[in-house]
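The values are calculated or read from the model by the stated rules, or taken from the named source; none is laboratory data. Owing to the predicted nature of the structure, the values given are computational and were not obtained by experimental measurement. Using ideal geometry, Cβ is built from the backbone for each residue, glycine included, and neighbour counts are taken over all protein chains shown. We work out accessible area using only protein heavy atoms, side chains counted, and drop any ligands, DNA or RNA first. Shrake-Rupley method; radii C 1.70, N 1.55, O 1.52, S 1.80 Å.
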Amino acid sequence: MAPPASRAVLIDQCQIQPQRRRWREEKQTLQKDLDHKLFGQHLAKKVILNALTGFISNPKPKKPLTLSLHGWTGTGKNFASKIIAENIYEGGLHSHYVHLFVATLHFPHASNLTLYKDQLQLWIRGNVSACARSIFIFDEMDKMHAGLIDAIKPFLDYYDHVDGVSYQKAIFIFLSNAGAERITDVALDFWRSGRQREEIKLGDMEHALSVSAFNNKNSGFWHSSLIDRNLIDYFIPFLPLEYKHLKMCIRVEMQARGYDVDEDIVTRVADEMTFFPKEERVFSDKGCKTVFTKLDYYYDD
C-alpha cells in the first residue's frame, strides 16, 4: 500500500540525524499513526511519541533509547514497534537498519547461552558500526533465557564508546507479557470504580512493571542488570482492550482490505470474541490478535 501523500519522503538509508524540519513532519505522521492505528493505549501513545521525539531531536544523546513494552498478547506491542520502525525507515521492519529478535526462534536452547551472548554482541556491534541509528527489537522477552539480555548491558550504558563504537544513537525495544497481570488489575480497579481508563497515569504502574519483570523467574529480565542499573528508559504498559476497541480494530482492518465498513459485520466479529473476567466480561482475552482471521470468514472469496 502506498504511503499517504502527507507523509514526508523517507528513504531506507541510515538516519544518523534527520533534518529538524523533516523530523517535525515525521512527528506529525507518527502521532497520526498512533492515533489512527493503536487503540485503547493512551499511555503508550504519549510515552512513545515524547520519548522518540526527544531522543531523535537530540544531536548528542547520553545513551541509547530503551523502551520496554508490557501487556497481554493482542494489545498492540508488536504493532507499536512496527509503527516506530516505519516512521524512521521507509522499509519499516524490513529495513536493513531494523533488527528483530524473537526469543523462541533465535535463542531456543538454554545450553547455548554462552554462544548466544557472543553472537548477540557481535551482531549488535556490527550493525551499529554500520549505522549508528540502528533499531533492535527483542520480542518474547518473557520467554528469553535469564541472563542472555545482560550481554548487551555495556551497549545500553552511559559510555561514549565501547571498543571504539558509539551506541548512543541506537534504539532498543523490548516486548514482554511480564507484568500484564498488574496492568490488568489496575485497569480493572479503574473500571469497577467507574473511572475512565484514560485517567490511568504512567506512575500508577511503571515501578510495579519494572519490579515484576525483575523478580519474574520466567522473564528474560529476571535479576537483569539492565533494570538494576536503571538502563531501561521507559516501562510502557499496554492496557487490556475493551469491546469498543475491538470494533475499532475491525473497522481499520476492513478499510485496509479495501472494503467499506459494514457495521453489522463489525458487531458480529466483535461478539464472537471472548472476554474476561468471566462474570463482568470487560476485556478481550486475545486483544485484537484474532480479529483478522475472523474477518476472513466474512470475506471468503
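Tell me, what is the 1.4 Å probe accessible area of D160, in Å² to the nearest 10? Counting only protein heavy atoms, D160 exposes about 100 Å² to solvent. For the stretch 47-90, the fraction of alpha-carbon pairs lying more than 11 Å apart is 72 percent, rounded to a whole number. For K247, the lysines whose Cα comes closer than 26 Å to its Cα, not counting residues fewer than 8 places off in the same chain, are K32, K37, K45, K46, K77, K82, K201, K278, K286, K289, K294.
For the stretch 140-288, the solvent-accessible area of protein heavy atoms averages 47 Å² per residue (probe radius 1.4 Å; ligands and nucleic acids excluded).
Reducing the stretch 171-227 and the stretch 69-143 to their Cα centroids gives an inter-centroid distance of 21 Å. The rule of thumb for compact globular proteins, 2.2 N^0.38 Å, goes into the C-alpha radius of gyration of the chain 1.02 times. Here K32 sits with roughly 110 square angstrom of accessible surface, probe radius 1.4 Å. Shape summary of the stretch 127-250, radius of gyration then Dmax from alpha carbon positions: 17.1, 55 Å.
In the chain, helices alone account for a calculated mean residue ellipticity at 222 nm of -13000 deg cm²/dmol, with every DSSP H run of four or more residues adding -39,500 (n - 2.57). In the chain, the portion of solvent-accessible area held by carbon and sulfur atoms comes to 51 percent [1.4 Å probe, whole percent, DNA, RNA and ligands not counted].
Sorting the segments 150-158, 55-63 by their mean number of nearby beta carbons within 10 angstrom, highest to lowest, gives 150-158, 55-63. Charged side chains reduced to their Cβ positions (Lys and Arg at +1, Asp and Glu at -1) give the chain a dipole of some 1000 debye around its Cα centre. Taking all protein chains as they are arranged and a probe of 1.4 Å, the heavy atoms of I265 leave approximately 20 Å² accessible to solvent.
Full extension of the chain between K201 and K278 gives 25.1 nm of extra length, using 0.36 nm per residue less the Cα-Cα distance. With N counted as the residues of the stretch 243-299, its alpha-carbon radius of gyration over 2.2 N^0.38 Å works out to 1.09.
Per-residue accessible area (protein heavy atoms, 1.4 Å probe) orders R251, R24, R182 as R24, R182, R251, starting from the largest.
Rounded to the nearest 0.05, the FRET efficiency derived from the C-beta distance between Y159 and S57 at R0 = 25 Å is 0.70. Work out, in µm²/s and without decimals, the Stokes-Einstein translational diffusion coefficient of the stretch 33-179 at 37 °C, 0.692 mPa s, Rh from Kirkwood over C-alpha pairs. Translational diffusion coefficient: 207 µm²/s. In the stretch 171-301, Cα pairs under 8 Å separated by at least six residues give a relative contact order of 20 percent. State the answer as a single residue: which of S284, L295, V261 lies farthest towards the positive end of the charge dipole of the stretch 243-299, with beta carbon charges of +1 for Lys and Arg and -1 for Asp and Glu, about the Cα centre. Sorting the options by dipole projection puts first S284. Available extension along the chain between T293 and S111 is 61.9 nm, counting 0.36 nm per residue and deducting the alpha carbon span. Across the chain, the mean sequence separation of Cα contacts (distance under 8 Å, 6 or more residues apart), normalised by length, yields a relative contact order of 23 percent. Among 101-107, 113-119, sorting by the average number of other beta carbon atoms lying within 10 angstrom of each residue, highest first, gives 101-107, 113-119.
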